[in-house]
Amino acid sequence: MATGWQPLAVELSALLGSAIVTPDTHPSPPWTDRLRAVLASPPPALARLVRVLTRVELVLATAALLIIFVLVLLQAGQRYLPIDGWPWTGELARFSLVWLTFLVAGVLVTTDSHISIEMIDMVPGDRLRRLVRVVSCLIVAAIGVGLCAEAWELMQTQGILKSPAMRMPMSWLYGISIIGFVSVVVRSLVAALTYAVLGVPEPTIDGLELATE
């Protein structure tokens, strides 16, 4: 009799222990699934807005780079021409270098293109790598907040000062730079949230994915 009932008992035990019968004691909140879906595949309107803002930053940075290129060539050519040099060329080139540096800082956060030491990416296990990435992004965001506050204060207090050669209000220098600082803050927070929710991508060397598990 016991032998005859044994197959039925095994089937009942498997059925009772399955996910169909046994309720999930730790269900994930619905908002986490929605957040994961938004981060993995942003809505079209949000993705379009990000692309437009990124293009604006890149266009401004490209303009600053072209200004530097043209003015440096002009300064070099002035050495061999029988004309007086223009002092404003060097001044504008220096300001453009500052603007170029800060305007692309936020885009480099999103593309993960900043200079960094990635030794931690070779450590096996996703949790440690995820923690380091999240903490580093939060530190970058905190620094960006400090730079935004300082740039805003300088915009309010240094507006009466003008550059020696161009007579440009110095508030312009900080006003254009603050665009990059705000971008760094927003993009760093988004990157930290993405790493925390979706995890860290596998490290690669020359396009080859490395196994860290």
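Rule-based calculations on the coordinates, nothing more; no lab input. Keep in mind that this is a model prediction, so the values were computed, not measured. Note: ideal-geometry Cβ built from the backbone for every residue, glycine included; neighbour counts use all protein chains shown.
Label region 49-92 by shape, choosing from rounded, prolate and oblate, from the square roots a ≥ b ≥ c of the eigenvalues of the Cα gyration tensor; if a/c is under 1.5 it is rounded, and otherwise prolate applies when a/b is larger than b/c, oblate when it is not. Prolate, since a/c reaches 1.5 and a/b exceeds b/c. Shown in residue order for region 102-112 are the 3J(HN,Hα) couplings computed by the Karplus curve 6.51 cos²θ - 1.76 cosθ + 1.60 at θ = phi - 60°: 8, 5, 8, 4, x, 4, 5, 5, 5, 7, 6 Hz (x for Gly and Pro). Each listed q (0.16, 0.19, 0.20 Å⁻¹) maps to a log10 I(q)/I(0) for region 43-200, found by the Debye formula over equal Cα scatterers with no solvent: -0.97, -1.17, -1.23. Packing-based ranking of 174-186, 131-143, 149-161 yields 174-186, 131-143, 149-161, ordered from highest to lowest mean Cβ neighbour count within 10 Å.
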